[in-house]
1. Under 6 Å between Cβ atoms, at least 6 apart or on separate chains: pull out the pairs that start in segment 321-333 with a residue that is small (Gly, Ala, Ser) and end on any residue that is buried (at least 19 other Cβ atoms within 10 Å of the Cβ).
2. Please specify each residue of segment 360-389 satisfying the condition of being outside any helix (DSSP H, G or I) and aliphatic (A, V, I, L, M).
3. Output the qualifying pairs, or none if there are none: Cβ atoms under 9 angstrom, residues six or more apart or on different chains, first residue in segment 308-320 and farther than 22 Å from Leu143 by Cβ, second residue of a type in the set (Asp, Glu).
4. Can you name every residue in segment 390-414 that is of a type in the set (A, V, I, L, M, F, W, C) and not in a loop (DSSP other than H, G, I, E, B)?
5. Of the conditions (1) surrounded by fewer than 21 Cβ atoms within 10 Å (Cβ to Cβ); (2) at pLDDT 95 or above, Gly256 fails just one. Which one is it?
6. With segment 279-336 as the region, which strands (runs of 3 or more DSSP E) entirely inside it contain at least 3 residues that are β-branched (Val, Ile, Thr) and buried (at least 19 other Cβ atoms within 10 Å of the Cβ)?
7. Residue check, Pro357 against (1) assigned to a helix (DSSP H, G or I); (2) touching a Leu at 6+ places or on another chain (Cβ under 9 Å); (3) more than 23 Å from Cys196 (Cβ to Cβ), all met but one. Which one?
8. Could you grab me the full set of residues in segment 373-412 that are of a type in the set (Gly, Ala, Ser) and surrounded by fewer than 17 Cβ atoms within 10 Å (Cβ to Cβ)?
Amino acid sequence: MKGEGVSRRGHSVWAISAACAANRPASSATPSAAGAICPSTSPCARTCRPRTAVRCGSTPSTWAWSSAATCAWGLSHNPHRSRPLPPTLPRPAAATPGTRACAPGMCSAAVTADRVPRPDRPHVAQEVRPVAPIYDLDRAASLVPDGARLAITGQVEMAPVAFARALARRGVRDLDVVVVPTGGGIAVDLLIGAGCVRSVECAQMAMGEYGACPNFRRFVQDGRLLVRDHVCSALLGALQAAGMGLPFMPARGIIGTDYLRVRPDFRVIDNPYGGPDDAHIVIVPAIRPDVGVFHAYAADRHGNVLVEPQQNIQLLAAASRLVIATAERVVDEDLTETPRTLPLVSGLHIDVVVPAPRGAHPTGVPGLYPADEAHIRHYLAAAAADDSFAAYLDAFVRAPGGEEAYARRVGLLAGHDA
């Protein structure tokens, strides 16, 4: 799954951990005020956390911000994250060409020669920032194998429909789709109608004010699609469990419902902290998607993305083994350093960025463009039967030219800059 250039999380932590090892005396391991320890022979971060100040020297002035260093020990011991890290790190003999050594006592050992330390904090070394691979739609779609568990967002807003069209063009099969947060929508329905989906795990499948998802309904009624019913809050809890490396999550509101009948993997256990009226509780298994995909307003070259606040993107990104973000635009500036009013998902969670102007069409992007109601209604009519939907796929998805041909067909400007 972690094909060419996409296993960035473990690599970036390795570099920072090795840097820490290179700058510490062999016999010392000094706790910082934040509880972080920087030993010389093991990954610098058994207790490190994102954006935690790590002190490796003996004076209060020697600090380094490890904003790119999530816990290396946690990454190496969490089975659904990146490739495991080695238990020990070699002490590098010399700095990497093109870099300069940190000041004595600094935790970051390699700083790019052309990166200037912030003038307001000249004593702070600037860590090497990982750069997110930027793929086109078809190359990113090739990272999703047959039989993958795919988590996807969006209903009638911010749906990664361009990515769904790329998967349909590729002809991927037997996907087990997880609908995040709860709504489904046209991206999932298109994949179902294209024959790409084996099962759907969801709390509902609908297209907002446009009604039910027609391909989903037909395939379920015909016995061509397996549905794993879930509860809205419990589904999000299952994603949270995966992001935390837990095997399950407790959930309320399920005892006494038919969910326990249709989902035998939901278990009722004794509540160790309950009283006479709260003696049992349901636990649901963690959901660990092989691939998570969502659409964003913007992304930078470090993989940081601006997202819509209502879609629980952070849960999807933390839970998924591989995370693909399609974005209206990719910007040169660092989004972590610019004023913003939208939530930001850290590039530590993003494996691949895909530039996709108008990539949510025919759904909308609030503040940029509305949903294309005429095209959605055309889609609904076409998806009423297999033959008419096959014609829709031939015209809008499988036609030569890919997304550029789609943009011309629906009247969009292919070079639109949101």
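1. Ala325/Ala296; Ala325/Ala299; Ala325/Val305; Ala325/Ile350; Ala325/Val353; Ala327/Ala296; Ala327/Ala298; Ala327/Ala299
2. Those that are outside any helix (DSSP H, G or I) and aliphatic (A, V, I, L, M): Ala360, Val365, Leu368, Ala371, Ala383, Ala384, Ala385.
3. Glu308/Glu157; Gln310/Glu157
4. Going residue by residue through segment 390-414, those that are of a type in the set (A, V, I, L, M, F, W, C) are 390-391, 393, 395-397, 399, 405, 407, 410, 412-414.
Selection gives Ala390, Ala391, Leu393, Ala395, Phe396, Ala405, Ala407, Val410.
5. (2)
6. Strands (runs of 3 or more DSSP E) meeting the threshold: 280-285, 322-331.
7. Evaluating Pro357 over (1) assigned to a helix (DSSP H, G or I); (2) touching a Leu at 6+ places or on another chain (Cβ under 9 Å); (3) more than 23 Å from Cys196 (Cβ to Cβ) leaves (1) as the failure.
8. Matches in segment 373-412: Ala374, Ala381, Ala384, Ala385, Ser388, Ala390, Ala391, Ala395, Ala399, Gly401, Ala405, Gly411.
The values are calculated or read from the model by the stated rules, or taken from the named source; none is laboratory data. What you see is a predicted model; the values in this text were computed from it and never measured. In this analysis, Cβ positions are derived from the backbone assuming ideal geometry, glycine residues included, and neighbour counts consider all displayed protein chains.
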